[in-house]
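A.B. asks: Supplied in structure tokens, the structure appears directly below.
The values are calculated or read from the model by the stated rules, or taken from the named source; none is laboratory data. Please read these numbers as outputs of a predicted model, since none were measured by experiment. Neighbour counts are summed over all protein chains in view; Cβ atoms, including those assigned to glycine, are modelled from backbone coordinates with ideal geometry. Surface areas here come from the heavy atoms of the whole protein model, side chains and all, with no ligands, DNA or RNA. Shrake-Rupley method; radii C 1.70, N 1.55, O 1.52, S 1.80 Å.
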Amino acid sequence: MTDLEIFCRQVRDRSRENRIALEHLWPARTVGAAIGLLRQELDSMVRVILLLSTSDRTRRASLISDAVAGREWRQPTGRGRITDAEMVKVADSLHGWTRSVYQFGCAFIHLSSFHDYNSRDPLGFISVDERAALLAHLRYYHGGLSEDHPTFHDIAQFVPRVFDKIASNLEHYVRELERDADLPEE
């Protein structure tokens, strides 16, 4: 099996496991954990997008080999690692929603005030601009929330739909990677 085949299997297995976990978490309304799964799915997607944006096939193969071997991704110069912020920037230039979902998801990966969502609304902890961007994305991609000041629990209902959107994009990009494509135009 090639490194590419192993990498794509890893990505798909993680996505499948995330979907199964979400299906178990969602009926119990464990929203924080479900949003953490969104963040994991997005992490896979931004990595695959970074690979697709790497037109140097030797470099791409090296990154894939590193992922399969459990090594962190390094800058082409070898100095410093490739950061999540750099990968998110590449993906955000393609989608426009990646950064806001990623940042919101990070608040549920790391212990934060967001975990007190049953007592305090996490939307009060983000800037007006971040909240507006989040609502605009939910309205545009998921047709939701007509009210101007929804609560966290109002937007939480969209978690399964957001997950499905990310997972379908991820699968699309994995197929593009398998066919040795460059970053697709959207």
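A.B. asks: Being at negative phi, assigned to a helix (DSSP H, G or I), among the charged types (D, E, K, R) and open to solvent by 70 Å² or more (accessible area, probe 1.4 Å) is true for just one of E86, E72. Which residue is that?
C.D. replies: On the way: E72 fails: assigned to a helix (DSSP H, G or I).
Going through E86, E72 in turn, just one is at negative phi, assigned to a helix (DSSP H, G or I), among the charged types (D, E, K, R) and open to solvent by 70 Å² or more (accessible area, probe 1.4 Å): E86.
A.B. asks: Given the options G124, G80, name the one that is without any contact (Cβ under 8 Å) to a residue 60 or more places away in the chain and either touching a helix residue (DSSP H, G or I) at 6+ places or on another chain (Cβ under 6 Å) or on the phi > 0 side of the Ramachandran plot (or both). Give the steps one after another, and end with the answer.
C.D. replies: On the way: G124 fails: either touching a helix residue (DSSP H, G or I) at 6+ places or on another chain (Cβ under 6 Å) or on the phi > 0 side of the Ramachandran plot (or both).
So the residue among G124, G80 that is without any contact (Cβ under 8 Å) to a residue 60 or more places away in the chain and either touching a helix residue (DSSP H, G or I) at 6+ places or on another chain (Cβ under 6 Å) or on the phi > 0 side of the Ramachandran plot (or both) is G80.
A.B. asks: Another question, then. Output the residue which, of all residues in the range 1-31 that are open to solvent by 80 Å² or more (accessible area, probe 1.4 Å) and more than 27 Å from A156 (Cβ to Cβ), is farthest from the chain's Cα centre (by Cα).
C.D. replies: Selected residue: M1.
A.B. asks: Also, quick follow-up: What about R60, is it out of contact with any strand residue (DSSP E or B) (no Cβ under 6 Å at 6 or more places or on another chain), surrounded by 16 or more Cβ atoms within 10 Å (Cβ to Cβ), without any contact (Cβ under 8 Å) to a residue 40 or more places away in the chain and part of a helix (DSSP H, G or I)?
C.D. replies: Here the answer is yes, as R60 does meet what is asked.
A.B. asks: Then there's this: Within the range 130-182, work out how many residues are charged (D, E, K, R) and free of Cβ contacts under 8 Å to residues at least 60 places away in the same chain. I'd like the intermediate steps shown before the answer.
C.D. replies: Filtering the range 130-182 down to residues charged (D, E, K, R) leaves 130-131, 139, 147-148, 154, 161, 164-165, 171, 175-176, 178-180, 182.
From what's left, free of Cβ contacts under 8 Å to residues at least 60 places away in the same chain: 130-131, 139, 147-148, 154, 161, 164-165, 175, 179.
Selection size over the range 130-182: 11.
A.B. asks: Here's something else I'd like to know. How many of the residues in the range 128-147 are in a loop (DSSP other than H, G, I, E, B) and either at pLDDT 85 or above or touching a Ser or Thr at 6+ places or on another chain (Cβ under 6 Å) (or both)?
C.D. replies: In the first step, residues of the range 128-147 are kept if they are in a loop (DSSP other than H, G, I, E, B); the result is 143-147.
Among the residues that remain, those that are also either at pLDDT 85 or above or touching a Ser or Thr at 6+ places or on another chain (Cβ under 6 Å) (or both) are: none.
Qualifying residue count for the region: 0.
A.B. asks: Return yes or no: is E130 among the charged types (D, E, K, R) and more than 30 Å from Q10 (Cα to Cα)?
C.D. replies: It is true that E130 is among the charged types (D, E, K, R) and more than 30 Å from Q10 (Cα to Cα).
A.B. asks: Against the condition within 23 Å of Y102 (Cβ to Cβ) and open to solvent by 50 Å² or more (accessible area, probe 1.4 Å), how does G36 come out, does it pass?
C.D. replies: Working: within 23 Å of Y102 (Cβ to Cβ): yes; open to solvent by 50 Å² or more (accessible area, probe 1.4 Å): no.
For G36, the condition - within 23 Å of Y102 (Cβ to Cβ) and open to solvent by 50 Å² or more (accessible area, probe 1.4 Å) - is not met.
A.B. asks: Further question: Kindly provide the set of residues from the range 110-152 that are acidic (D, E) and surrounded by 12 or more Cβ atoms within 10 Å (Cβ to Cβ), ordered by number. Before you say what the answer is, go through the steps one by one.
C.D. replies: Taking the range 110-152 first, the residues acidic (D, E) are 116, 121, 129-130, 147-148.
The answer is D116, D121, E130.
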